[in-house]
Amino acid sequence: MNASTYNITVRQGIFEGEECFEALVKELPDLAEYGDSYIEAYELAIDSIETTAEIFKEKGWAMPQPYEPETQFSGRVTLRLPKTLHRGLATKAEEERVSLNQLMVSVLATFRGFDAALEHDRSGWVNICEAQTQRPDVSQENVVHLSHYVKEAAAQWS
C-alpha cells in the first residue's frame, strides 16, 4: 500500500484558534492532521494513512482504495433550470447570434477561469462570503468582493 497515492489536501488556516496547516484525506473523511508547515501536515497525513491501513488490516476491514478521478468525460451535462433563467439565456444567445449551448459553455468557461485564478493564487488573498468580511483575522485589503464582479457580469447579460 502506497499512502502517497491517496488524495491529500493541505491548506493553511486558523483551526481551533491557531494558525497552522490542515491535511485532509479524501478517502478517509474522518482523518485530519495539523502541522506548523505544509510538509509537516502532509507527512503526518501519510503516517496516519499507513497507521489506519495497519489497524484496518488487524481488524479484517477493507481499507478504502485511493480515489482515481474519472479520466473520460462525455462532455454532456443535463441541467434543469428555472424557466426565467432559461428564457433569459436563450434570449441572450439569440441576441449574440450563438446557440444556447455555445453561450452556456462561454459563461461557464469564463466563470471557471475566474474561479481558477482565485484558487491558484493563495498569497494572502482570502475568498470568503460577504457576511464574514468583518472578521478580525481577515485583513480588509485582502478581501475579494465577488458582488462587484457579479454585478458587472449581470449588467452585460441584461
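Worth a mention:
- Of all the residues in the range 2-37, those that are of a type outside the set (A, V, I, L, M) and part of a strand (DSSP E or B) number 15.
- Scanning the range 1-31 for residues that are among the small types (Gly, Ala, Ser) and under 17 Å from the mean Cα position of the chain (by Cα) turns up Gly13, Ala23.
- Qualifying residue in the range 66-79 (condition: under 30 Å from Asn2 (Cβ atoms), surrounded by 11 or more Cβ atoms within 10 Å (Cβ to Cβ) and under 26 Å from the mean Cα position of the chain (by Cα)): yes
- The criterion of being part of a helix (DSSP H, G or I) and either among the polar types (S, T, N, Q) or outside the structural domain of Arg11 (by TED's automatic domain parsing) (or both) does not hold for Ala45.
- The residue list Glu96, Glu50, Glu119 contains one member that is surrounded by fewer than 16 Cβ atoms within 10 Å (Cβ to Cβ), at pLDDT below 90 and over 22 Å from the mean Cα position of the chain (by Cα), which is Glu96.
The values are calculated or read from the model by the stated rules, or taken from the named source; none is laboratory data. Keep in mind that what you see is a predicted model, and the values were worked out from it rather than measured. Because the Cβ atoms are built from the backbone with ideal geometry, glycine has one as well, and the counts that use them run over all protein chains shown.
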